[in-house]
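Written below as structure tokens is the structure these notes are about.
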Amino acid sequence: MSVETLTLDLAKIRADFPGLAGGWHYLDSGATAQKPQSVIEATVNAMGRDYATVHRGVYARSANMTLAYEEARRKVAGFIGGQEGEIVFTRGATEAINLVAQSWGGAHLKAGDRILISTLEHHSNIVPWQLLRDRVGIEIDVCPLTADGRIDLDAAERMLTPAHKLVALAHVSNVLGSVLDVERAVALAHGVGAKILIDGCQAVPRIPVNVAALGVDFYAFSAHKLYGPTGIGALWARAEILDAMPPWQGGGSMIDRVTFEKTTWAPAPTRFEAGTPAIIEAIGFAAAVDYVQGIGLDAIHAHECGLVKTLRGALSAMNDVTVFGPEDSAGIVSFAIDGVHPHDLGTILDEGNVAIRAGHHCAQPLMDHLGVPATARASFGLYSDESDIAALIAGIERTKRIFG
Ligand SMILES: Cc1ncc(COP(=O)(O)O)c(C=O)c1O
């Protein structure tokens, strides 16, 4: 693909995002992305003009809504190279991982089984496994990082044994931006007979993902980081794995037949969607997929890589700034300024209309590893541009002057 094809029309793109109006430099897309007008309109129409329940109505509006909801599932599946029957709509990546831990883990893991996670995981890929550990007695091993902040797959290779039943790793670190070599991780996990779950929360908005080509078993992500609504995400799991998983929540919709003596379950994925689903959000999710596909993830990735290079270069030129993570981070740059707490930096930057994230980023074990209580994090979206970086750098210079 030529460089021209990969260049984004930023003026046009930025005009699609009402949340960016007013000269605001939004550098917190890793926390949640702004929404394009098409997503806003899709959700407004789903909540207004087209609103009805799904899966039960005998009237046309409900039948149409059911079609739209299932079309959303098809789109989300296609977006990551999966089949529609393999997508469970969840509240987000957090719920998707909890679903796997409670349903698959509860049914398939027993005391003494081991799972492997890594030092850089988000709390949502740590705590669900600890809850499972407390319930069934599994052991959790933690794969270390390389010096530049990648998951050290050489170490993983040495650590993995046939006792490992699951490997659960982030595709892209929400703090360091480091990109996992998923294909190698899959080969290592499968080599010892373990399944592999990938937390794709930060990957799906930034790099093209094809779960079938990658060969993963579970893939979790959230719509709101992909320019879609909050309150919805997806668990993708290979059909034969999903089919063999028991339900994890009971209620309406997830059943086949209920009597007081015995209840039988609906097939997957419906079996995992108890209650009235997030109908409006699913339709917004599909609109977000359309929007991102319309621009193209190759182009988005190339654009964000360029921004990362510029920002890392500018920060590295300052001798009182530590930049974390590898050079080829995907869309995310974490850093620390000597003598300035990230919260103070974040507050001063806000006065200059620059929004960054400051804190532990729901990755406290990674902060412990880095030896800092918090970092400042700039994370890009497809709408970010050089003016955002310039405003950030100006704000950093100002902060340093204030702190003497
Ligand atoms: C890498 C990663 N995993 C999981 C999550 C959790 O996502 P959510 O809060 O949307 O469930 C996040 C959100 O910050 C994340 O960055």
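Here's the yes/no breakdown for (1) without any contact (Cβ under 8 Å) to a residue 12 or more places away in the chain; (2) β-branched (Val, Ile, Thr); (3) touching a strand residue (DSSP E or B) at 6+ places or on another chain (Cβ under 7 Å); (4) more than 30 Å from Ser173 (Cβ to Cβ):
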| position | (1), (2), (3), (4) |
| --- | --- |
| Ala33 | no, no, no, no |
| Ala42 | no, no, no, yes |
| Gly48 | yes, no, no, yes |
| Val58 | yes, yes, no, yes |
| Ala68 | no, no, no, yes |
| Gln83 | no, no, no, no |
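Could you tell me whether Ala203 is in the same structural domain as Gly81 (by TED's automatic domain parsing), at pLDDT 95 or above and within 20 Å of the chain's Cα centre (by Cα)? Even if it seems obvious, please write down each step before you answer.
Working: in the same structural domain as Gly81 (by TED's automatic domain parsing): yes; at pLDDT 95 or above: yes; within 20 Å of the chain's Cα centre (by Cα): yes.
It is true that Ala203 is in the same structural domain as Gly81 (by TED's automatic domain parsing), at pLDDT 95 or above and within 20 Å of the chain's Cα centre (by Cα).
Checked against the criterion of being among the polar types (S, T, N, Q) and assigned by TED's automatic domain parsing to the domain that holds Leu382, the candidates Thr7, Thr66 yield just one match: Thr7.
Working only within segment 357-366, note down all residues that are without any contact (Cβ under 8 Å) to a residue 60 or more places away in the chain and more than 13 Å from the ligand (Cβ to nearest atom).
First, the residues of segment 357-366 that are without any contact (Cβ under 8 Å) to a residue 60 or more places away in the chain: 358-360.
Result: Ala358, single match.
On the given criteria, is Arg377 buried (at least 22 other Cβ atoms within 10 Å of the Cβ), outside any loop (DSSP other than H, G, I, E, B) and in contact (Cβ under 8 Å) with a residue 12 or more places away in the chain? Answer is yes for this residue. For segment 90-110, a tally of residues being within 15 Å of the ligand (Cβ to nearest atom) and either farther than 17 Å from Gly137 by Cα or assigned to a loop (DSSP other than H, G, I, E, B) (or both) returns 9. The conditions of being within 16 Å of the ligand (Cβ to nearest atom), outside any helix (DSSP H, G or I), out of contact with any strand residue (DSSP E or B) (no Cβ under 9 Å at 6 or more places or on another chain) and not assigned by TED's automatic domain parsing to the domain that holds Asp368 are met by Pro229. Of everything listed in (1) surrounded by fewer than 23 Cβ atoms within 10 Å (Cβ to Cβ); (2) away from the ligand (no atom under 16 Å from the Cβ); (3) of a type in the set (Val, Ile, Thr), the single unmet condition for Ile115 is (1).
For (1) among the small types (Gly, Ala, Ser); (2) under 14 Å from Tyr26 (Cβ atoms), each residue gets a yes or a no:
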position: Ser334; (1), (2): yes, no
position: Ala358; (1), (2): yes, no
position: Leu366; (1), (2): no, no
position: Leu382; (1), (2): no, yes
position: Ile402; (1), (2): no, no
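Going residue by residue through segment 377-389, is there one that turns out to be among the acidic types (Asp, Glu), outside the structural domain of Asn125 (by TED's automatic domain parsing), farther than 28 Å from Ala299 by Cβ and out of contact with any Ser or Thr (no Cβ under 7 Å at 6 or more places or on another chain)? The answer is no, given that none of the residues of segment 377-389 is among the acidic types (Asp, Glu), outside the structural domain of Asn125 (by TED's automatic domain parsing), farther than 28 Å from Ala299 by Cβ and out of contact with any Ser or Thr (no Cβ under 7 Å at 6 or more places or on another chain).
If you take the residues in segment 335-374 that are among the small types (Gly, Ala, Ser) and not in a strand (DSSP E or B), which one is surrounded by the most Cβ atoms within 10 Å (Cβ to Cβ)? Full working, then the answer.
Of the residues in segment 335-374, the ones among the small types (Gly, Ala, Ser) are 336, 339, 346, 352, 355, 358-359, 363, 371, 374.
Checking which are not in a strand (DSSP E or B) leaves us with 339, 346, 352, 363, 371, 374.
On the way: Gly339: 10, Gly346: 21, Gly352: 14, Ala363: 26, Gly371: 7, Ala374: 20.
My answer is Ala363.
His123 meets the stated requirement of being within 16 Å of the ligand (Cβ to nearest atom), modelled with pLDDT of 95 or more and surrounded by fewer than 21 Cβ atoms within 10 Å (Cβ to Cβ). The residue that is farthest from the chain's Cα centre (by Cα), counting only those in segment 146-169 that are buried (at least 21 other Cβ atoms within 10 Å of the Cβ) and within 15 Å of the ligand (Cβ to nearest atom), is Gly149. With respect to the conditions (1) free of Cβ contacts under 8 Å to residues at least 60 places away in the same chain; (2) within 26 Å of Leu10 (Cβ to Cβ); (3) of a type outside the set (Gly, Ala, Ser), Glu386 lacks only one, and its number is (1). Flag set for Ala77, criterion: in contact (Cβ under 8 Å) with a residue 24 or more places away in the chain, more than 16 Å from the ligand (Cβ to nearest atom) and outside any loop (DSSP other than H, G, I, E, B).
Starting from residues that are basic (Lys, Arg) and touching a residue at least 40 places away in the same chain (Cβ under 8 Å), keep the ones in segment 170-206 and report whichever is nearest to the ligand (Cβ to nearest atom).
So in segment 170-206, the residues basic (Lys, Arg) come out as 184, 195, 206.
After this cut, where a residue has to be touching a residue at least 40 places away in the same chain (Cβ under 8 Å) as well, the list is 195, 206.
Working: Lys195: 18, Arg206: 11 Å.
The extreme case among them is Arg206.
Condition check ((1) of a type in the set (Lys, Arg); (2) out of contact with any helix residue (DSSP H, G or I) (no Cβ under 8 Å at 6 or more places or on another chain); (3) free of Cβ contacts under 8 Å to residues at least 60 places away in the same chain; (4) not in a helix (DSSP H, G or I)) across all residues:
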| residue | (1), (2), (3), (4) |
| --- | --- |
| Arg257 | yes, yes, yes, yes |
| Phe260 | no, yes, yes, yes |
| Arg271 | yes, yes, yes, no |
| Ala274 | no, yes, yes, yes |
| Asp290 | no, no, no, no |
| Ile300 | no, no, no, no |
| Leu307 | no, no, no, no |
| Val333 | no, no, no, yes |
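The values are calculated or read from the model by the stated rules, or taken from the named source; none is laboratory data. The structure presented is a predicted model; accordingly, all values stated were derived computationally and were not measured. Cβ coordinates were reconstructed from backbone atoms using ideal geometry, including for glycine residues, and neighbour counts include every protein chain displayed.
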